[in-house]
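Have a look at the structure below before the remarks.
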Amino acid sequence: MKKLLVYLREYKKESILGPLFKLCEALLELLVPLVVAAIVDTGIETGDPPYVVRMALLLVALGLVGLGFSVTAQYFAARAAVGFVARLRHALMAHIGRLSYSELDALGQSTMITRMTSDMNQVQTGLNLTLRLLLRSPFVVFGAMIMAYVVEPQTALVFGLTILVLSIVVFGIMLLCMPLYKRVQTRLDGVLRLVRENLGGARVIRAFNREEAEREGFAEKNDGLTVVQRRVGRLSALLNPLTFVIINAAIIWLMHIGALQVEHGLLTQGAVIALYNYMSQILVELIKLADLIITMTKSVACGKRIAAVLEIEPEPTTGADIPVLEPGEPAVRLSHASLTYRGAAAPAVSDVSLTVMPGETVGIIGGTGSGKSSLISLIYRAYPASEGVVEVYGQDVSTYALDALRREIGLVPQKAQLFRGSIRDNLRVGNKDATDEDMWQALESACAADFVREKEGALSYMLESNGKNLSGGQRQRLTIARALVRRPRILILDDSASALDYATDAALRRHLRELPYKPTVFIVTQRTSSIMQADQILVLDDGQVVGCGQHEALLESCPVYREIYESQYKKEETNHGC
Amino acid sequence: MAAKKAPRGTLGKVLHRVKRYMPLLILSLLLTAVSVFFSLYIPILVGRAIDVMVDAGQVDFSVIRDMLMQVAVSALLSALATWLYSMINNRITFLVVRDLRNEAFSRIGVLPLSYIDSHPHGDIVSRVIADADQFADGLLLGFSRFFAGALTILGTLIFMLTIQPLVALVVVLLTPLSLFMARFIASRTYAMFRAQSEARAEQTSLVDEVIGADKLLRAFGMADEALEAFDQTNERLRKTSLRAIFFSSLTNPTTRFINSVVYAGVALAGALVVITGGGIAMTVGGLSSFLSYANQYTKPFNEISGVISELQNALACAARLLALIEEETEPSDSACTCLPPARGDVTLSHVDFSYVPEKPLIRDLCLAVDAGKRIAIVGPTGCGKTTLINLLMRFYDVRGGSITVDGADIRAVTRHSLRENYGMVLQDTWLRYGTVRENIAMGKPDATIEEIEQAARAAHAHSFIARLPQGYDTVIGEDGGSLSQGQKQLLCIARVMLCLPPMLILDEATSSIDTRTELRIQKAFALMMQGRTSFIVAHRLSTIREADVILVMKDGNVIEQGSHEALLSQGGFYEKLYNSQFATV
């Protein structure tokens, strides 16, 4: 929880002033029974109407000042709660942006979204109420106790014992509820996941006529959520009646003592009324406090979930800048590099050694799941190498500042992911300073200029989320342009031409070769035609390197490569063009 | 125009959903009445006890004992009733919200795809999750406080009238002030809560998108820029929240002030009555109960006014949730007949289609496919191939013309029976959080493990599945987790292999699979496609060459069709496309 409270520091003033004003309001409230006692004991006793009027006006005045205090307090509390949660959301978002890929894999997206939204809402409500009532309620309770002591010291025991019993009940229920609230949020994660899945997979679910089954599955998860919600609801429903019984028991005791004292002439009737009033005040306050405790318990449970993410150690991002390359030095060098994913039984790719000179093109080919994407993810440090060394520009990638390293790399991932917004906005992801001219150049190279030009507004054409209003091939070409617009020193194409027809694919490769800034290019592909001209080709099979060299040589020496090649070019066609 | 107040219907619709729990609700009301009655009776008893503590030596202990016994019984009864009605309210609330969520979710299954395609998913998620949650909070508070509050007010009024009508009159006269203030504030907060809900949804959409693409953004070092965009929505949310929370929280202090006026009024009037009446019209003990009532009386005003503002929030959220529930669905097909397992004659006649009316995409497309034929659809990207599949599967309906399967217009048969006849593998692989086995068995949940394995073998997915830590029981994360794109496609293919429907649609189904595996899969497909009508979208011409008919599409029209050889010799667009595969550049 400490992790969270740091963000409250910014609102220190508000979070101190808010409760303080509440306190002042409560202080005024404590005076009310005294004024009433004065009315009864002095005003009525002496039959002095003007005195009664004066005292009544005093009550109104107390109320008015209280209103002022209270409004001020509400404002500060709202400001602090809302501001704190806004900062916390920012912090969590920023933190998620610094987690390593392995951590992201382990967490899952749905839970991050619930933590970012639902949990945050609960924390905000909780803090707001806490700031309003936390100081006030105990203050009123203890204040009432002290005042009662002033009126009649003998009753202190009644008040003291009552408060003790109440605390035990309140905290007991709180402790029982806390883990349940955590369960509620976890189940909410599951419900949220189903909603997201059913939106993203609408086509597949309908194609398989699974709507009914999905509905049932959701109803089941939803029921599971409801069951825990109700269980925790039942538990917290005890708080209010228990408080009521305890307070009334105390009132009975108080009346008993009061009666004895009056009998002995040690107490006046008015004082008994005051004592009773104090006990009633405690009752009113405690019922409010009980609500607060429930809300607080809930938000502490939610806060812990947020803190749990914040406590995950972020990936180290600082480090050296990319140096200028000495002539003759390789741009990328892997030596006996392996990658084993967390929780995986075997390495995804193992013992890869490779030296790439600047401006070279490297082809990486291999079967499905052979470790191609894993291999290149080592280069842009998505995952650290489990074994061996990965060097970029002469230094271990782990020594670089993450931003510095990735600034030099243009990545075109397998999955063509685009954002809601204009084409221009999407290209800016690649390079936020790119001019329209830079963008058109990149689009030309990515064979995307033609179709962008045809869109209404061209660069200003608005894409729906994930670029749903483009075809698969158009999306891929935009993602290539996005990588090119940053003029990267290292360009990585991770099977990113799969949705392109062959003519476009060929044109694209020609454009890449003609790029004036001569990047080092990694092409991950299934097609031998895409990498035939590469300076070196790495052939992977089941995570192992089974061949390395140029096209012709590999055809001779590497059976896997030959098989891939032949699967694409039947004998008679090899003569066709090559 | 921004809605200032809750749409009139929202409350009615909410109540309609509560109706199912009417008996419980009535029971809850009765219990509330019991609880309120006894809690209000206690001050009277205490007042009577105080009345007999006149002065030293003048205390009537037998009366006190009697009264205190009654206090004990009343307190226990009141607490018991409170506990019971809280449990009932708890039950009603969570069941109503559960029903609403279920209702909203089942909508997702019947909404037209055009809605799902064009609405940010985060917004829909926010409705089903956050809005439903907030609604539950408000509803629970409303149930437990509103009745109790209203009954307490009524009860106290009655008790006060019985003790001293004159003083009670003071209370009655001052009451409207309280109500007026609460109304005044509540009517202004609805719009603010609505704005807060919308800002929250906007942020959820962004969060959904950014977290979904987090790895990508990171690879571009753009996490900071995404954060900037996030900060903008965050600031907007902060502002709307602050307004909504602060303004709604004004209700409480304001009513409390009015209450203290009431309290002062009672003290004044009461004391004067005691003085002038000389203890006959009202005793000091009576004044004490009265003051306690004034407190009890005003407390529910606080609560009700708090509840009213909370309810504004709940209603704002409910309105958003209900809007989703009431979204127009696909036209019902319950009156349609079932399409029996098809032979596979598919005809498209004069089909017109566009996603947006202004931009016609497919115009007057005619096509007749005989049962068992293999149709390959080729063409440059964006030519309408995927759209054609949307139409065949009835994800979208044609705007003109018709599509028939075995002579039946597909709009005249149920969607389920139509889709049962198709096996579909899309380029955009979709897997869900769950085991490999569950993912493969999606189309046939009762499949045995042998059948699943067989399908996986046919899709050449078995070997990699066998190498996963728990084999077929390995849980794969959201959206396929760390599986490679190709592996995901293999699983999607296995999914279809398990169902073996009469017709197939393969949209770039093997685009991320290596060609060796693809060749083997194709053999399996070929076996599977025998006698099945199949539509294949592919770029690899090796896949296409074996088709019976190749449709060459461009700009939403079929410009050439025929067999591979016929098209090649025709020397048209297809020939150009085909040759580019081997163009040395």
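The values are calculated or read from the model by the stated rules, or taken from the named source; none is laboratory data. Since this is a predicted model, take the numbers as computed values, not measurements. Methodologically, a virtual Cβ is constructed for each residue, glycine included, from the backbone with ideal geometry; neighbour enumeration extends over all protein chains shown.
Only one of (1) modelled with pLDDT under 80; (2) in contact with a Leu (Cβ under 9 Å, 6 or more places away or on another chain) is not met by residue B:503, so which one is it?
With respect to (1) modelled with pLDDT under 80; (2) in contact with a Leu (Cβ under 9 Å, 6 or more places away or on another chain), residue B:503 is out only on (1).
Just the residues that are under 26 Å from the mean Cα position of the chain (by Cα) and either more than 7 Å from chain B (Cβ to nearest Cβ) or in a helix (DSSP H, G or I) (or both), please, taken from region A:198-216.
If the condition is that a residue be under 26 Å from the mean Cα position of the chain (by Cα) and either more than 7 Å from chain B (Cβ to nearest Cβ) or in a helix (DSSP H, G or I) (or both), then A:198, A:199, A:200, A:202 are the ones that fit.
Among the residues of region B:256-297, which ones are buried (at least 22 other Cβ atoms within 10 Å of the Cβ) and modelled with pLDDT under 70?
Answer for region B:256-297, where residues must be buried (at least 22 other Cβ atoms within 10 Å of the Cβ) and modelled with pLDDT under 70: just B:296.
Which residue is farthest from residue B:213 (Cα to Cα), if the candidates are limited to region B:473-486 and must be part of a helix (DSSP H, G or I) and out of contact with any helix residue (DSSP H, G or I) (no Cβ under 6 Å at 6 or more places or on another chain)?
Across region B:473-486, the extreme among qualifying residues is B:473.
Quick one: which residue in A:493, A:500, A:508, A:443 is surrounded by 24 or more Cβ atoms within 10 Å (Cβ to Cβ), closer than 23 Å to residue B:518 by Cβ and over 30 Å from the mean Cα position of the chain (by Cα)?
A:500
Within the bounds of region A:264-282, is there any residue that is at pLDDT 85 or above and in the same structural domain as residue A:155 (by TED's automatic domain parsing)?
Yes, region A:264-282 contains at least one residue that is at pLDDT 85 or above and in the same structural domain as residue A:155 (by TED's automatic domain parsing).
So if I check each of A:293, A:312, A:252, which one is touching a residue at least 24 places away in the same chain (Cβ under 8 Å), over 30 Å from residue B:477 (Cβ atoms) and in contact with a helix residue (DSSP H, G or I) (Cβ under 8 Å, 6 or more places away or on another chain)?
Criteria check complete, one pass: A:293.
Only one of these is in contact with a Lys or Arg (Cβ under 7 Å, 6 or more places away or on another chain) and farther than 19 Å from residue B:236 by Cα: A:26, A:37. Name it.
Only one candidate passes the filter, namely A:26.
Considering only residues that are surrounded by fewer than 19 Cβ atoms within 10 Å (Cβ to Cβ) and within 21 Å of residue B:158 (Cβ to Cβ), which ones fall in region B:6-47?
Those that are surrounded by fewer than 19 Cβ atoms within 10 Å (Cβ to Cβ) and within 21 Å of residue B:158 (Cβ to Cβ): B:29, B:30, B:33, B:34, B:37.
Pick out, from region B:84-144, the helices (runs of 4 or more DSSP H) lying fully within it that include 1 or more residues that are within 8 Å of another protein chain (Cβ to nearest Cβ) and closer than 18 Å to residue B:10 by Cα.
Output list reads B:132-141.
To keep it simple, each residue is scored yes or no on (1) at the interface with chain B (Cβ under 9 Å from one of its Cβ atoms); (2) among the small types (Gly, Ala, Ser); (3) buried (at least 21 other Cβ atoms within 10 Å of the Cβ).
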{"position": "A:30", "(1), (2), (3)": "no, no, no"}
{"position": "A:40", "(1), (2), (3)": "yes, no, yes"}
{"position": "A:52", "(1), (2), (3)": "yes, no, yes"}
{"position": "A:65", "(1), (2), (3)": "no, no, no"}
{"position": "A:71", "(1), (2), (3)": "yes, no, no"}
{"position": "A:92", "(1), (2), (3)": "no, no, yes"}
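From the residues in region B:357-368 that are surrounded by fewer than 22 Cβ atoms within 10 Å (Cβ to Cβ) and either closer than 30 Å to residue A:502 by Cα or modelled with pLDDT of 85 or more (or both), which one is nearest to the other protein chains (Cβ to nearest Cβ)?
B:359
Out of all the residues in region A:238-291, which are of a type in the set (Gly, Ala, Ser), assigned to a helix (DSSP H, G or I), farther than 23 Å from residue A:134 by Cβ and at the interface with chain B (Cβ under 7 Å from one of its Cβ atoms)?
The answer is A:258, A:259.
Let's see how each residue does on (1) at pLDDT 85 or above; (2) part of a helix (DSSP H, G or I); (3) surrounded by fewer than 17 Cβ atoms within 10 Å (Cβ to Cβ); (4) over 43 Å from the mean Cα position of the chain (by Cα):
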site	(1), (2), (3), (4)
A:537	yes, no, no, no
A:540	yes, no, no, no
A:545	yes, no, no, no
A:553	yes, yes, yes, yes
A:564	no, yes, no, yes
A:574	no, yes, yes, yes
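With the checklist (1) surrounded by fewer than 23 Cβ atoms within 10 Å (Cβ to Cβ); (2) in a loop (DSSP other than H, G, I, E, B); (3) touching a Gly at 6+ places or on another chain (Cβ under 8 Å) in hand, flag the one item residue B:560 doesn't pass.
(2)
Kindly check whether there is at least one residue in region A:49-61 that is within 25 Å of residue B:271 (Cα to Cα), touching a residue at least 24 places away in the same chain (Cβ under 8 Å) and either in a helix (DSSP H, G or I) or more than 48 Å from the chain's Cα centre (by Cα) (or both).
yes
What are the residues in region A:344-383 that are surrounded by fewer than 19 Cβ atoms within 10 Å (Cβ to Cβ) and either free of Cβ contacts under 8 Å to residues at least 24 places away in the same chain or among the aliphatic types (A, V, I, L, M) (or both), if any?
A:344, A:345, A:346, A:357
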